[in-house]
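Peer 1: One structure, pasted below without further comment.
The values are calculated or read from the model by the stated rules, or taken from the named source; none is laboratory data. Computed from a predicted model, the values in this text were never measured in an experiment. All Cβ positions, glycine included, derive from the backbone under ideal geometry; neighbour counts span all protein chains shown. The area values use the complete protein model at the heavy-atom level, side chains included, leaving out ligands, DNA and RNA. Shrake-Rupley method; radii C 1.70, N 1.55, O 1.52, S 1.80 Å.
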Amino acid sequence: MKKTSRDFLDNLVNLMKYDDLAHPIDYRYGDEKLRKLFSLENIVRTYAYIESIVAEVQAELGIIPKQAAIAIKKAAEQVTVDEVLEEEKKVRHDIVALVNALSRKAGEWGEYIHYGLTSSDVKDTGLILIVKDALSMIQRKLYDFILLLSEKACEYIDLPCVGRTHGIHANIYLFGHKFAVFLDEFLRHIERLREIEKRVLVGKFSGAVGIHTSLGERGEEFERRVLERLGLGISLISTQIIPRDRLAELILLLSMISSGLDRFAVEIRNLQRTEISELYEPFGKEQVGSSAMPHKRNPIMSENISGLARIIRSISIAALENMVLWHERDLSNSSTERIMLPEIFLLLDEQLSKAIKILRGLTINKERIMDNIDMTRGLIYSEEVVMALARKGYGRLKAHKLVRELSFKALREGKHLKELLLKHPEVSSILRPSEIEEIFNPWNYISVAKKRVKATIKRAEKILGIKISSC
């Protein structure tokens, strides 16, 4: 029988050694430290640590013997991921597997492990401890990105450029203002992150349906002390789980930050287009843009940021659906969160790393920026021509109609708008040649933009509590 390509592939797969699934967050995306945060090892260690703190506080309150807390703490320090995974194969429950593994190491005191708790007490609180550390890493990179935006806004505070609406040349703009607009948006993201921490960074130890059925009145003091020791707030009203609107709010905010980075990346991609060429993202000496076309210098980091934003936005839908659970809980949120939380943090981290790298290595083509201002032969100044006429008593609507006619004539005949204005009898009877010349000076229109750039940088200094620039 003739062998097919399918036979060849089947044989190749059988010969291959399998290590890990080629999921990009395993080897390509996200900081190594952040990846370790969401590793199985750290998850098990976090759960075990929580069990030891619970035992410690319960011993202080006289709920369990002090010797039990000492033994449980020692067991928590010694337990391994392999032991827990082996146990999980039998019991098919991750927290029971952990409790059994700890119990064996704690000997006779093992009976006091997980005393008065439900699995979600450990898992939900452990999840938030990991999220807290992950947020701290994301915030540090956000600060770096914001500082770089501030520097670029300051560096190009005197550089006029083309402002575009609908992708069409619209008016004189300020290149530094471009960076300041992004700066202002990401300052709002920092404010949002600080605001939601009190709602998101909370845990619970209130038992199976959230009302301290097992520990009763003592449970509230126990819960308060444990969460205080863990550095978390209290989810005052919970069911078996912490209500998922808290996580949904966080994930929606992370998605907003991701989309903000996407907007930044799209600006870079557009300004790097051959037809515009006002800037270029970094490109290594030995970097190759195309296997076929040697000349290509593609904005691949910006494109990667935009691509990852699509995945992150899709995660926000799952977070909203996770809010809708049956009665005091069901398990439909659990599998989703195992996937979406590592993904959203690692992918957002990757976006931030690339955005920072882009800003640090950005090449600005000032000559092309000025050439682009002149590309439309003065049409970019049409609004100011209208206003100059209106200020001299010529009706604004009448002026708009006149300048529109002259603009389209300039387009048809390939002439500069200034040339047509100087030759037009009605215009030249109102505006002196020197006044017409002054209209076409791009530096005349950036004073307000400069003030606003400086004000935004001052705002950044206030929010971050540091001195940023002296522009």
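Peer 1: What about SER353, is it assigned to a helix (DSSP H, G or I), within 30 Å of LYS123 (Cα to Cα), hydroxyl-bearing (Ser, Thr, Tyr) and open to solvent by less than 70 Å² (accessible area, probe 1.4 Å)?
Peer 2: On the way: assigned to a helix (DSSP H, G or I): yes; within 30 Å of LYS123 (Cα to Cα): yes; hydroxyl-bearing (Ser, Thr, Tyr): yes; open to solvent by less than 70 Å² (accessible area, probe 1.4 Å): yes.
It is true that SER353 is assigned to a helix (DSSP H, G or I), within 30 Å of LYS123 (Cα to Cα), hydroxyl-bearing (Ser, Thr, Tyr) and open to solvent by less than 70 Å² (accessible area, probe 1.4 Å).
Peer 1: Across the stretch 398-433, what is the total count of residues that are more than 50 Å from the chain's Cα centre (by Cα), part of a helix (DSSP H, G or I) and surrounded by fewer than 17 Cβ atoms within 10 Å (Cβ to Cβ)? Even if it seems obvious, please write down each step before you answer.
Peer 2: So in the stretch 398-433, the residues more than 50 Å from the chain's Cα centre (by Cα) come out as 422-433.
Now drop any that are not part of a helix (DSSP H, G or I), which leaves 422-423, 425-428, 433.
Now restrict to residues that are surrounded by fewer than 17 Cβ atoms within 10 Å (Cβ to Cβ): 422-423, 425-426, 428, 433.
The total comes to 6.
Peer 1: Quick test for you: out of LEU346, LEU352, pick the one residue that is of a type outside the set (S, T, N, Q), over 17 Å from GLU249 (Cα atoms) and touching a Gly at 6+ places or on another chain (Cβ under 9 Å). Show your work before the answer.
Peer 2: On the way: LEU352 fails: touching a Gly at 6+ places or on another chain (Cβ under 9 Å).
The match here is LEU346.
Peer 1: Would you point out which residue out of GLY210, GLY260, GLY216, GLY233 is open to solvent by less than 40 Å² (accessible area, probe 1.4 Å), more than 28 Å from the chain's Cα centre (by Cα) and closer than 30 Å to GLU195 by Cβ? Write out each step before concluding.
Peer 2: Numbers: GLY260 fails: more than 28 Å from the chain's Cα centre (by Cα); GLY216 fails: closer than 30 Å to GLU195 by Cβ; GLY233 fails: more than 28 Å from the chain's Cα centre (by Cα).
It is GLY210.
Peer 1: Please pick out the residue among ARG140, ARG199 that is within 21 Å of ALA248 (Cβ to Cβ) and either in contact with a Cys (Cβ under 7 Å, 6 or more places away or on another chain) or surrounded by fewer than 16 Cβ atoms within 10 Å (Cβ to Cβ) (or both). Quick ask: steps written out before the conclusion?
Peer 2: Values: ARG140 fails: within 21 Å of ALA248 (Cβ to Cβ).
Checking each option against the conditions leaves just ARG199.
Peer 1: While we're on this one: Give the residues of the stretch 434-443 that are in contact with a strand residue (DSSP E or B) (Cβ under 8 Å, 6 or more places away or on another chain) and exposed (fewer than 15 other Cβ atoms within 10 Å of the Cβ), sorted by residue number.
Peer 2: TRP443
Peer 1: Condition check: surrounded by 20 or more Cβ atoms within 10 Å (Cβ to Cβ), part of a helix (DSSP H, G or I) and touching a residue at least 40 places away in the same chain (Cβ under 8 Å). Does PHE222 satisfy that?
Peer 2: Yes, satisfied.
Peer 1: Does GLN139 satisfy the condition of being without any contact (Cβ under 8 Å) to a residue 60 or more places away in the chain and within 25 Å of the chain's Cα centre (by Cα)?
Peer 2: Yes, satisfied.
Peer 1: Next question, about the same structure. Among the residues of the stretch 243-264, count how many are in contact (Cβ under 8 Å) with a residue 60 or more places away in the chain, farther than 30 Å from GLY176 by Cβ and part of a helix (DSSP H, G or I).
Peer 2: Residues meeting the conditions: 6.
Peer 1: Then there's this: So LEU254 passes all but one of these: (1) within 29 Å of the chain's Cα centre (by Cα); (2) open to solvent by 10 Å² or more (accessible area, probe 1.4 Å). Which condition number does it fail?
Peer 2: (2)
Peer 1: Name the one entry in ARG329, ARG273 that is free of Cβ contacts under 8 Å to residues at least 24 places away in the same chain and either out of contact with any Cys (no Cβ under 6 Å at 6 or more places or on another chain) or in a loop (DSSP other than H, G, I, E, B) (or both). Walk me through it before giving the result.
Peer 2: Numbers: ARG329 fails: free of Cβ contacts under 8 Å to residues at least 24 places away in the same chain.
The match here is ARG273.
Peer 1: From LEU174, LEU193, LEU183, LEU227, which residue is under 17 Å from the mean Cα position of the chain (by Cα) and surrounded by 21 or more Cβ atoms within 10 Å (Cβ to Cβ)?
Peer 2: After applying the criteria, what remains is LEU183.
Peer 1: Now a separate question. Scanning for something in contact (Cβ under 8 Å) with a residue 60 or more places away in the chain, surrounded by fewer than 20 Cβ atoms within 10 Å (Cβ to Cβ) and touching a helix residue (DSSP H, G or I) at 6+ places or on another chain (Cβ under 9 Å), does the stretch 285-301 turn up at least one residue? Don't jump to the end; show me each part of the working.
Peer 2: Residues of the stretch 285-301 in contact (Cβ under 8 Å) with a residue 60 or more places away in the chain: none.
No; the residues of the stretch 285-301 include none that is in contact (Cβ under 8 Å) with a residue 60 or more places away in the chain, surrounded by fewer than 20 Cβ atoms within 10 Å (Cβ to Cβ) and touching a helix residue (DSSP H, G or I) at 6+ places or on another chain (Cβ under 9 Å).
Peer 1: Looking only at the stretch 358-383, count every residue that is touching a helix residue (DSSP H, G or I) at 6+ places or on another chain (Cβ under 9 Å), part of a helix (DSSP H, G or I) and among the charged types (D, E, K, R) and tell me the total.
Peer 2: Number satisfying all stated conditions: 4.
Peer 1: Same structure again: Within the stretch 376-397, which residues are hydrophobic (A, V, I, L, M, F, W, C) and either open to solvent by 100 Å² or more (accessible area, probe 1.4 Å) or farther than 26 Å from CYS161 by Cα (or both)?
Peer 2: Within the stretch 376-397, the subset hydrophobic (A, V, I, L, M, F, W, C) is 379-380, 385-390, 397.
LEU397 - this is the single residue of the stretch 376-397 that is hydrophobic (A, V, I, L, M, F, W, C) and either open to solvent by 100 Å² or more (accessible area, probe 1.4 Å) or farther than 26 Å from CYS161 by Cα (or both).
Peer 1: Oh, and also: Please work out which residue is least open to solvent (accessible area, probe 1.4 Å), limiting yourself to the stretch 302-326 and to residues that are closer than 22 Å to SER238 by Cα and part of a helix (DSSP H, G or I). Step through it out loud before you land on a result.
Peer 2: Step one: list which residues in the stretch 302-326 are closer than 22 Å to SER238 by Cα, which gives 318-326.
Remaining after also requiring part of a helix (DSSP H, G or I): 318-321.
On the way: ALA318: 25, ALA319: 3, LEU320: 80, GLU321: 123 Å².
Among them, the one singled out is ALA319.
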